[in-house]
Amino acid sequence: MKRIISILLALVMLSAVAACGGTPSTSEAPPSPPAEPSASASGEPSQPPQSSTPADAPPAGAPDYSAASGFALSADSFPDRSTPYKFVFVSNQWDQTVAYVEEGFEFYAKQVGSTCEAVQSDSDADKLIRNVENYIVKGYDGFFINVMPSTSGRVAEICDENDVIWSAVSGIPRDNDDVVIAPYVEVNNTVVGTQLTDEAVAWAKNNLDGFNEAEAMVLILDLSGAEELHARSVAMEARAKEIVPGAKLELADTIAESTGAFDNELSYNMVSRRLAANPGVKYWIILGPFDYLSVGCVRAVEEYGVDGNTVVASCNGDLYIPLLEEGTSSAWRFCLYWDMAVMAKYLFFGLYARVSGAVEGPELWPDFVKPGEPNAGLQMKAVIMDPSNYEDILGYIDNVTGLSHYNKQWTSGTEYELLDFS
């Protein structure tokens, strides 16, 4: 398990690391083109069949820079890879998730004859800005930058002054006027929060013997200081009110209840207090906006003896995978999973397309441009991962990324949707 971290560091990490990243979004979805490109044995997506022409498709004979066509989703989009470019990943801080993203950037850079270096900033906004300035002086061609809302505007200003092409890793690249100035890749927090609630309630109804919402409680853990995670929890709360109106419901803020540490001991204590205070509750649905707290939730319901009547579920699942490997996932029934190397792949080739001159930013992925935004926001799709399918999902991801990070075999032939075209 990862080390215990302070609340301040946790907030910085959670805002900066795309594993938990994304932005709340309630805008209309783009038109529904064909499904996500499938993966070949080499890990490169093949071109999906075009069963119909989207309403916003380019005129006949015009270049198709859409995600539906597979453009800038792999090295295959670029027949000429003869020019070596220098990329840099300026991270806010470093942990195993960020290291996985960097591994992906380096791997994909090699596929197009380029390089990608990485530098971290010790969770220091001033140091992050200095790192960006230093690599501009060094003449790097493309920048992946771990911006937060507090640093995005300044980074945008510096890059604009120096004609630097960059992409945000986590969050959205906005300037000081809050304008989206470049394409990005994100997770829609409203969507995943709603989906997690739907799936957890369905799991309870289908698997908990005699489930009755009048005897149930939905406990949602929140992190009010992290905009992205809070948006997920708020979406969970809204959806729970709709689909299980007869259940007790609480949105519990981990920030308000922490005494200095942000870890699984905190979630254990929070859940234990609710279990003790609600003896009349028979069925528990415990939801988390990310996976760091779920282990403590599982331990609490086990010790209280209600794990057989409990659903623990989370968005993302880096800490869920080791429990699945050990066969000890217990009441943690599933997670909504998206992979950071897949996100890194789309980020890299999207930026490479711009740096190499293959496309201008506003032309990239036109099927993912939201109303009122000049640049596209590619939407990752969460996959439901549980003990029955996790090895196949991880094997599929290894096949798509080419990294063999999980060393799993993709045996089912199921092509999981990694982009949300809905």
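The values are calculated or read from the model by the stated rules, or taken from the named source; none is laboratory data. All values reported here derive from a predicted model rather than from experimental measurement. For neighbour counting, all protein chains shown are included, and Cβ atoms are generated from backbone atoms with ideal geometry for every residue, glycine included. Note: areas computed on protein heavy atoms with side chains; ligands, DNA, RNA excluded. Shrake-Rupley method; radii C 1.70, N 1.55, O 1.52, S 1.80 Å.
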Would you please name the residue that is surrounded by the fewest Cβ atoms within 10 Å (Cβ to Cβ), looking only at residues in region 129-154 that are under 22 Å from the mean Cα position of the chain (by Cα) and aliphatic (A, V, I, L, M)? Met148
Does Ala109 satisfy being among the small types (Gly, Ala, Ser) and closer than 30 Å to Arg81 by Cβ? yes
Check whether at least one residue in region 209-217 is within 16 Å of Gly288 (Cα to Cα), open to solvent by less than 10 Å² (accessible area, probe 1.4 Å) and not in a helix (DSSP H, G or I), and report yes or no. yes
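Condition check ((1) in a strand (DSSP E or B); (2) among the β-branched types (Val, Ile, Thr); (3) on the phi > 0 side of the Ramachandran plot; (4) at pLDDT 95 or above) across all residues:
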| position | (1), (2), (3), (4) |
| --- | --- |
| Tyr100 | no, no, no, no |
| Phe105 | no, no, no, yes |
| Ala109 | no, no, no, yes |
| Ser123 | no, no, yes, no |
| Tyr135 | no, no, no, yes |
| Gly139 | no, no, yes, yes |
| Phe143 | yes, no, no, yes |
| Thr151 | no, yes, no, no |
Please enumerate the residues belonging to region 383-399 that are open to solvent by less than 10 Å² (accessible area, probe 1.4 Å) and either in contact with a strand residue (DSSP E or B) (Cβ under 8 Å, 6 or more places away or on another chain) or assigned to a loop (DSSP other than H, G, I, E, B) (or both). Met385, Ile393, Tyr396
Out of the residues in region 92-128 meeting the condition of being out of contact with any helix residue (DSSP H, G or I) (no Cβ under 9 Å at 6 or more places or on another chain) and within 21 Å of Val355 (Cα to Cα), tell me which one is least open to solvent (accessible area, probe 1.4 Å). Gly113
Picking from Val169, Val179, Val132, Val164, the residue that is in contact (Cβ under 8 Å) with a residue 60 or more places away in the chain and under 24 Å from Ser356 (Cβ atoms) would be Val169
Is it fair to say Ser329 is among the small types (Gly, Ala, Ser) and surrounded by fewer than 21 Cβ atoms within 10 Å (Cβ to Cβ)? no
Residue among Asn189, Asn176, Asn162 that is open to solvent by less than 10 Å² (accessible area, probe 1.4 Å) and out of contact with any Phe, Trp or Tyr (no Cβ under 8 Å at 6 or more places or on another chain): Asn189
Criterion first (within 20 Å of Thr197 (Cα to Cα), surrounded by fewer than 23 Cβ atoms within 10 Å (Cβ to Cβ) and at pLDDT below 95) does Asp307 satisfy it? no
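Among the residues of region 219-273, how many are in a helix (DSSP H, G or I), closer than 30 Å to Val185 by Cβ and open to solvent by less than 40 Å² (accessible area, probe 1.4 Å)?
Of the residues in that region, 11 qualify.
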When region 346-355 is checked residue by residue, the ones that are open to solvent by less than 10 Å² (accessible area, probe 1.4 Å) and in contact with a strand residue (DSSP E or B) (Cβ under 9 Å, 6 or more places away or on another chain) are Tyr346, Leu347, Phe348, Gly350, Leu351, Tyr352
Lone unmet requirement of (1) under 21 Å from Leu347 (Cβ atoms); (2) surrounded by fewer than 16 Cβ atoms within 10 Å (Cβ to Cβ) for Ser170: (2)
